[in-house]
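Below is one structure; the comments refer to it alone.
The values are calculated or read from the model by the stated rules, or taken from the named source; none is laboratory data. Here the structure is a predicted model, which means the values were calculated and not measured. Cβ coordinates were reconstructed from backbone atoms using ideal geometry, including for glycine residues, and neighbour counts include every protein chain displayed.
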């Protein structure tokens, strides 16, 4: 699962894995659990560049031999050729949302998100719009693109299974 922060990657990963009778995980959760540090703290203490290196390393260490659904961070596809790697080892699904939909989801959670914590409403709107435009070329490489708003998990499961048979 790829997409902008707040697009529902973790929620969809859990639901899709349940429908597919397989495991799921969240790349940020794996990093937090292994390092004993929150993503916000890693950003604060080590910086974004160090986090992106760490994220890349953990992504490459994920078990790809078994079927599982992985929720990535919003920036994961945009660094260290991660998108190409994910496309090689699995089926990528982009949860696409408009800037307005993302703003409505993110405005009340920015205190928990290191890249958003210091932004007022106007700056948040600008940030989402700018970052989404920067990241869209990476997200667009996904095997599948679906609306992250009002997503039908059963239909997504069927689409993923059809793709697996190809």
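A few points about this structure:
- The lone exception for residue 70 - which of (1) surrounded by 17 or more Cβ atoms within 10 Å (Cβ to Cβ); (2) out of contact with any strand residue (DSSP E or B) (no Cβ under 6 Å at 6 or more places or on another chain) it fails: (2)
- Total residues in segment 105-140 satisfying the condition of being outside any helix (DSSP H, G or I) and surrounded by 15 or more Cβ atoms within 10 Å (Cβ to Cβ): the figure is 6.
So that you can scan it fast, the table gives a plain yes or no per residue for (1) at pLDDT below 95; (2) under 17 Å from the mean Cα position of the chain (by Cα):
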residue: 106; (1), (2): no, yes
residue: 125; (1), (2): no, no
residue: 133; (1), (2): no, yes
residue: 142; (1), (2): no, yes
residue: 149; (1), (2): yes, yes
residue: 158; (1), (2): no, no
residue: 162; (1), (2): yes, no
residue: 165; (1), (2): yes, no
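- Selection from segment 15-28 of residues that are more than 12 Å from residue 76 (Cβ to Cβ), in contact (Cβ under 8 Å) with a residue 24 or more places away in the chain and in a helix (DSSP H, G or I): 15, 16, 17, 19, 20
- Pick from segment 61-87, criterion under 15 Å from the mean Cα position of the chain (by Cα), in contact (Cβ under 8 Å) with a residue 40 or more places away in the chain and in a loop (DSSP other than H, G, I, E, B), ranking: farthest from residue 134 (Cα to Cα): 72
- Considered as a group, the residues in segment 29-60 that are outside any helix (DSSP H, G or I) and out of contact with any helix residue (DSSP H, G or I) (no Cβ under 8 Å at 6 or more places or on another chain) include one that is modelled with the highest pLDDT, and that residue is 36.
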